[in-house]
Amino acid sequence: MTATNLAGYAYLSVVGTAFAYVAWFHGIARLPASTIAFLGLLSPVVAILLGWTIAGEHLGLIQIVGIVIVLGSVSAVIVVKAAKPDGGHRLDQSLGALR
C-alpha cells in the first residue's frame, strides 16, 4: 500500500463516515419514526444507482425489478400516510409516549 492509498482510505473512513453520521442524525431528529424506518430500504437503491452511474456497472432485470419494488413500497407508505386524517402521526405520538 502506498501513502496515497492510505490517505484515500483515511479520507473515506473519517470524512465520509463523519458526513454520513452527521447527515443521518440531523435527518432522523426531524423526521417521524415511521418515515425513518423506510430510509434504510433506500440505501441499497442508492448504492446500485451510484454504481450504475459512476462505475458503469450493468443493471440486470432483477436489480431493476428490485429498485421498482423498493421505490413503490416507500412511495405507497408516503401516499397512505399523507391520506390519513392525522397525517400518520398517531403512531409516532404513541411511540413517543413509550420513551
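What follows is calculated from the coordinates using simple rules that are stated; it is not laboratory data. What you are looking at is a predicted structure, and each value in this text was computed from that prediction instead of being measured. For neighbour counting, all protein chains shown are included, and Cβ atoms are generated from backbone atoms with ideal geometry for every residue, glycine included.
With a simple spin-label model that places each label point 7 Å from the Cα along the Cα-to-Cβ direction, the separation between Ala82 and Thr17 comes to 3.7 nm. Using θ = phi - 60° in the Karplus curve 6.51 cos²θ - 1.76 cosθ + 1.60, the 3J(HN,Hα) couplings for segment 20-31 round to 4, 4, 5, 5, 4, 6, 5, x, 6, 6, 10, 10 Hz; x is entered for Gly and Pro.
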